[in-house]
1. Skip the ligands, DNA and RNA, and give the accessible area per residue of the range 6-187 with a 1.4 Å probe, whole Å².
2. Taking just the alpha carbons, could you work out the radius of gyration and Dmax for the range 68-114, both in angstroms?
3. Quick one: dipole size for the range 6-187, taken about the Cα centre, charges +1 on Lys/Arg Cβ and -1 on Asp/Glu Cβ, in debye to the nearest 20.
4. Please compute the length gained on full extension between residue 265 and residue 60, using 0.36 nm multiplied by the number of residues separating them and subtracting their Cα-Cα distance.
5. Can you tell me the length gained on complete extension of the stretch residue 255 to residue 38, counting 0.36 nm per residue apart and subtracting the Cα distance?
6. Please list, by residue number, every one of the trypsin sites (Lys or Arg not before Pro) in the range 394-423 that is coil in DSSP and has at most 16 other beta-carbon atoms within 10 Å.
7. With unit charges on the beta carbon (Lys/Arg positive, Asp/Glu negative), name the residue among 357, 390, 459 whose Cα is farthest towards the positive pole of the charge dipole of the chain.
8. In the calculated pair distance distribution of the chain, what percentage of Cα-Cα distances lie above 39 Å?
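The values are calculated or read from the model by the stated rules, or taken from the named source; none is laboratory data. Because the structure is predicted, anything quoted here is derived from the model rather than measured. Using ideal geometry, Cβ is built from the backbone for each residue, glycine included, and neighbour counts are taken over all protein chains shown. Side chains included, ligands, DNA and RNA excluded: accessible areas come from the protein's heavy atoms. Shrake-Rupley method; radii C 1.70, N 1.55, O 1.52, S 1.80 Å.
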Amino acid sequence: MSGVSVVILDFGSQYTKLIARRVRELRAYSVILPGTATLERILGESPQAVILSGGPRTVFEPSAPMPDPRLYGAGIPLLGICYGMQLLVQHAGGEVRDVGTRSYGADRLERVEGSLFRGIVSGASVWMSHSTAVTALPEGWASLAATATNPNAAVGAPDGRMHGVQFHPEVVHTPSGVKLLDNFLADSDVRRDWTPEASLDRALAYVRERVGSDRVLVGVSGGVDSSALALLLARAKADHVAVLVDHGLLREGERTEVERALHPLGVRLEIVDASAQFLHALRGVVDPEEKRRIIGREFVAAFREVARARGPFRFLAQGTLYPDVIESAGGEGTANIKSHHNVGGLPAELGFELLEPFRTLFKDEVRDVARLLGLPDEIRLRHPFPGPGLAVRILGEITQERLDIVRRADAIFIETLRKRGVYGDAWQALAVLTPIRSVGVAGDERRYGHVVALRAVTSVDAMTADWARLPHDVLDEAAQRITREIPEVGRVVYDITSKPPATIEWE
Ligand code: XMP
């Protein structure tokens, strides 16, 4: 099985996860550790190279997060990015200073040299985001690239083991950044054995090793992560029960689609129809957080019931992904661990041990694993859908009538996007039922109808998003069908807000 090739030390940059993804795209398995991790912890991963991320702090602040000083002499090739570069330079005796002006945005390399820039021509665009710069090089170090205003846009140590770049090679705005990372990995003799097959092998080995002959309960929601998880358990021949709790807030046709897709692949999905309980508990509730709390509670009750009837189970399998478990030593330099539980936030009090075979994978890697496991593309490439379902897409009270409206509007919108070949252009698309009514005309009559908002976004990881510039005629077709086929809807609007300041969902 593939071992770790690259450790990425996180000093709090918003781009750290992107570095890990880029390195994995270059087929080297990478993990992220807090920037302040001890050398023992780093060496525990047996990396062949280490990348030091950027960060929001400056290296000359007294409380700035620092790597273990023994790292510099450990003989491992190091690449520092932005703050990471400045750490290397400061440690080696160079000078880093506040240059007064904040450099933020696209810039151009006027000179490049050395093997780090193999195949990259001068004139290449790079993305900068800093206000401090290397103003004097350590003895023997060389400047490897310059911009019009920064003579030290990339630097290298005399023994060739340490390199630093002031710009961000991991972002798309640095088009030659992937080539630069590729050169660094090649020069460091980093193993490139991280393939989708390797991700699958690792996940299978993890399940077989941890589960043995114990029993596993897996909640399936219809999304790619939980569907792939159920398939993984089946492939690993783990003794498992896969349950889809239908809370009555699913998309149109979702339940049958998931059942149909998983059945031929050896997953016998048990459907628990809890829609009556969920809708009863949600009656009269308008506050979004209250809705989420109720749904979480009802999920627990439904799973408790399954455990009572079909248990005992030792494990509850969840589709937790790598971004949810990464420890970060950014910001104040303190380590914190985020934990995020998928199936409606099922608490440990249920008495299960958590089994999270995808906890080292990014979403696109899970999609690759799902492909290898045979999950059909309709589910594999489906837009994400929130655990609380359509409940957070109905502003105000949830009633059967309002659910039917939003479910149908969502289905029409998605059908239109698929039919017009633009479904894949949006990272997520949805319909929201607003609490607004507006005046319209139908035939000769005045009509006071509901207002439906359509939203489609582009995004990489849902942390930020932009509204999708869908063709006007596609939006027109969706709006016409919605108002024609759902008589209660009198007006359709398109949401043109990015995240931030808005969020993707309306609640
Ligand atoms: P927001 O609305 O926060 O959503 O921009 C980001 C992504 O997360 C999904 N989402 C949720 N998923 N439980 C979930 O499992 C939730 O409570 C929840 N709220 C939002 C949302 O659909 C988007 O993909």
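1. Solvent-accessible surface per residue comes out at 38 Å².
2. 13.5, 35
3. Working: 15 positive and 16 negative charges, 83 e Å.
Computed about the Cα centre, the dipole is about 400 debye.
4. Details: separation 205, 0.36 × 205 = 73.80 nm, distance 5.70 nm.
Residue separation times 0.36 nm, minus the Cα-Cα distance, leaves 68.1 nm.
5. Result for the pair: 73.3 nm of gain on full extension.
6. On the way: sites: 402, 407, 408, 418, 419, 420; in loops: 420.
For trypsin sites (Lys or Arg not before Pro) across the range 394-423 that sit outside H, G, I, E and B with at most 16 neighbouring Cβ atoms in 10 Å, the list reads 420.
7. 390
8. Distances greater than 39 Å cover 35 percent of the Cα pairs.
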